[in-house]
Every structure is written in C-alpha cells, then in structure tokens.
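**Student:** Encoded as structure tokens, here's the structure I'll be asking about.
The values are calculated or read from the model by the stated rules, or taken from the named source; none is laboratory data. Bear in mind the structure is a predicted one, so any value in this text is a computation, not a measurement. FYI the Cβ positions are ideal-geometry reconstructions off the backbone, even for glycines, and counts take in every protein chain you see. We work out accessible area using only protein heavy atoms, side chains counted, and drop any ligands, DNA or RNA first. Shrake-Rupley method; radii C 1.70, N 1.55, O 1.52, S 1.80 Å.
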Amino acid sequence: MPSSDSPPAGCTPPTLTPSPFARHPNVPLAATANPQPAPSPQATSKRPVAATANYLPETSYSALPDIHKQLVDQDAVVILEKPPITEDTLTELFSGSTLALDMKNDIYSTYRLQPPPHLNEMKVTVVCPATEKHLKKYQRQESYLVEETAEDYSSITLPYIESQSFSLQWVYNILEKKAEAERIVYEDPDPDVGFVLLPDFKWNQKQVDDLYLIAIVHQKGIRSIRGLTAEHLPLLKNVFQKGKEAIMKKYELPASKLRVYLHYQPSYYHLHVHFNMLGYEALGCGVERAHLLGDVIQNLQSNPDYYKSHTLSFPLRAEDGLLTKFREAGKI
C-alpha cells in the first residue's frame, strides 16, 4: 500500500497558482486553474487556542526565554493564534512549500502543505500575572443565556460589578497616552464626546479582511449600555460618525462594510465600541451579546431610558461569578 505522503500511481500534486480570492483569515488557500471565491469566514473561522500556565509543561515555554521569565511563579494565560494568510505571501507560500497528498477521490483531493518557517509564524499573547477572572475567561466552559430585567440589574448585576476589583488602569493608560500611543488611529480629545480609536489586539493589521478596531470613550463613569440615556446621544453619534470616517480615510472601507456594536455584558466596564469588517466572524459579534450602535442610538431616540428599563439578554459562562449570583437569586 502506498504511503499517504506519496501520490498514487498516475496522480501528481497540482501546480499551485495563487488566487486573489483566498485572503481571509483561516480560509483555505485556493489552488485551481479557474479559482472560485474562497469559503465564507463564517464557515471556516477558528477560535484561538488558549492555555493557562499551569496546564503547560515546562518544556512548552522554557525554550522561549522572554515568555518564560513572565511565567515563573505566576499565574498566566498564553493564547496561540495563527495569523491570517496575506495575499502578498501567496507566491512564496506556493513555490517554497512542500506538499504531501492525504486523499484523492475523483476530482477531489486534500494535501498537507508545510510552508517555509518564516511564513509559519504564530501570534502569542501573554496575560501575566493573570487574575482568577482571566484564567476562567479562557477556559472552556458551558454557556447559559441570562434574561436580565431592569430590577435584576439593580439588585444583582450592579452590586456584583461594584464588588469586584476590575482594574481599568490599562484603559486609562491608553486614554492618557501612557501606553500604546503609537497604535492610535484617530482621536477626538473632547472630554464629553471624544474617544480614542485603535486596533484590537486580535487584529494583526496586515489586511482589512479581519479589521478590528476599538473606540474607547474619554468620558468616565459609563460602565455599559445599561448606563446610557438620551443625554449620551451626542457621544454615541460622534463615535459612530467619526469612527467610520477615520476608518474610511485610513483603510478605504466604507460604512457599508463595517459592523459597529457594543457588547453586553462587556469584557471591561468602561464604555467602548467595536468596529469590525462585515463578513469577519469576530468573537462576540453574535446576537446574544452584540448590540449594533445604530440600533442603540435609535432606541435612545425613541425612549430616553430604554436601556435602564428594558430586559436585556446575554450569555454567561458556567464559572462566571455573575451567573452564580443569578442562580442564588433563583433566576436560572
């Protein structure tokens, strides 16, 4: 029986020709004589792999001195991600890689491609020292959908948030330009309606297919959409309009190609807005957590206290402390 690494008699690996359609992160490279559009990102996107330091054997990180120094005697989270394939690397990727046949059946075949080392890099994000919240955030857990009434927010959610030590120092460092100042794409410095726009760490900025930016407002004290009223409409409209204009100017992406939304619950309690490329399945962009900024603005225009009075649904993971509070209150 022939080895799976060798083509069967009469079958030779195809000559790979770069296709401009295969540019989206995690989309298989197209290598056809008549290229077809690559599969949609919804069908192919993969989550990054995360591991807490206590699950990593010593040999996993001892070969990486800089990371090893951070992990010694401290809790940490290490996130491994494969960067998206960029169009400008396709020619070298196809010509400099080795190809091994896995399976062939009629017109269908699959191969394993081993690219050159410099085209096979991984992005490594380290959170160290990591809090218990960080460790739980990146562990695999079941999720539960919570329906939070206005009363639930006042009696359960808000007291829980106020009891936790959620540090926002890294946010203030950005707003005060003590950190990441060189990454800022746009800033409106107005203390009431201004904001800072910068790339999210999930985006490597090498292509716009998975564009992901965050607008962090200068105004302090707004934890989430629950704190929004009609008084904040000038702020929201300013972020919506100027954020889209800044992205159009720098990345030549029109507003019709953008998904602009807020999370509830947010990952940190200082108001911020997400800007994604439409078609990119970013984590957290589903209907159970994302609220389109345009809809938020319209809701507040029709009801000044919409988010202070309406029931909001959101997902919580099994070990989330807030889920425990809802269970103790008999809401789950």
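**Student:** Just checking, how many residues over the stretch 225-245 are among the charged types (D, E, K, R), under 30 Å from Ser154 (Cα atoms) and either open to solvent by 50 Å² or more (accessible area, probe 1.4 Å) or not in a helix (DSSP H, G or I) (or both)?
**Tutor:** 2
**Student:** Would you pick out the residues in the stretch 307-329 that are in a loop (DSSP other than H, G, I, E, B) and at pLDDT 95 or above?
**Tutor:** His310, Thr311, Ala329
**Student:** Of the conditions (1) open to solvent by 30 Å² or more (accessible area, probe 1.4 Å); (2) touching a residue at least 12 places away in the same chain (Cβ under 8 Å); (3) within 19 Å of the chain's Cα centre (by Cα), Val287 clears all except one; give me its number.
**Tutor:** Among (1) open to solvent by 30 Å² or more (accessible area, probe 1.4 Å); (2) touching a residue at least 12 places away in the same chain (Cβ under 8 Å); (3) within 19 Å of the chain's Cα centre (by Cα), Val287 violates only (2).
**Student:** On to the next question. May I ask you to list the residues in the stretch 270-283 that are closer than 17 Å to Asp209 by Cα and either surrounded by fewer than 17 Cβ atoms within 10 Å (Cβ to Cβ) or of a type in the set (A, V, I, L, M) (or both)?
**Tutor:** Result: Met277, Leu278, Gly279, Ala282, Leu283.
**Student:** While we're here: Hey, Lys123 hits all of (1) open to solvent by less than 60 Å² (accessible area, probe 1.4 Å); (2) charged (D, E, K, R); (3) in the same structural domain as Lys206 (by the TED database) but one; which does it fall short on?
**Tutor:** Unmet condition: (3).
**Student:** Further, regarding this structure: For the stretch 194-203, enumerate the residues that are touching a residue at least 24 places away in the same chain (Cβ under 8 Å) and within 11 Å of the chain's Cα centre (by Cα).
**Tutor:** Asp200, Phe201, Lys202
**Student:** Kindly state which helices (runs of 4 or more DSSP H) lie completely within the stretch 40-118 and contain at least 3 residues that are surrounded by 13 or more Cβ atoms within 10 Å (Cβ to Cβ) and modelled with pLDDT under 70.
**Tutor:** It comes to 65-71.
**Student:** With the stretch 130-175 as the region, which helices (runs of 4 or more DSSP H) entirely inside it contain at least 2 residues that are over 24 Å from His310 (Cβ atoms) and either among the β-branched types (Val, Ile, Thr) or outside the structural domain of Leu323 (by the TED database) (or both)?
**Tutor:** Filter on the stretch 130-175 gives 132-137, 169-175.
**Student:** Shifting gears a bit: Using the structure shown, decide if Lys249 is among the basic types (Lys, Arg), assigned by the TED database to the domain that holds Phe166 and farther than 18 Å from Ile297 by Cα.
**Tutor:** Considered against the rule, which asks whether it is among the basic types (Lys, Arg), assigned by the TED database to the domain that holds Phe166 and farther than 18 Å from Ile297 by Cα, Lys249 comes out as yes.
**Student:** Within the stretch 196-207, identify whether any single residue is part of a loop (DSSP other than H, G, I, E, B), open to solvent by less than 80 Å² (accessible area, probe 1.4 Å) and polar (S, T, N, Q), and answer yes or no.
**Tutor:** The answer is yes; a qualifying residue exists.
**Student:** Something else: Quickly run through the stretch 246-269 and pick out the residues that are surrounded by fewer than 17 Cβ atoms within 10 Å (Cβ to Cβ) and either over 22 Å from the mean Cα position of the chain (by Cα) or assigned to a loop (DSSP other than H, G, I, E, B) (or both).
**Tutor:** Lys249, Glu252, Pro254, Ser267, Tyr268
**Student:** Any residue in the stretch 142-165 that is open to solvent by 60 Å² or more (accessible area, probe 1.4 Å) sitting within a Cβ distance under 8 Å of a residue that is aromatic (Phe, Trp, Tyr)? List the pairs, counting only those 6 or more apart or interchain.
**Tutor:** Close Cβ pairs satisfying both conditions: Leu145/Phe314.
**Student:** Hey, could you check the stretch 296-306 for residues that are open to solvent by less than 80 Å² (accessible area, probe 1.4 Å) and part of a helix (DSSP H, G or I) and say which is farthest from Ala255 (Cα to Cα)?
**Tutor:** Tyr306
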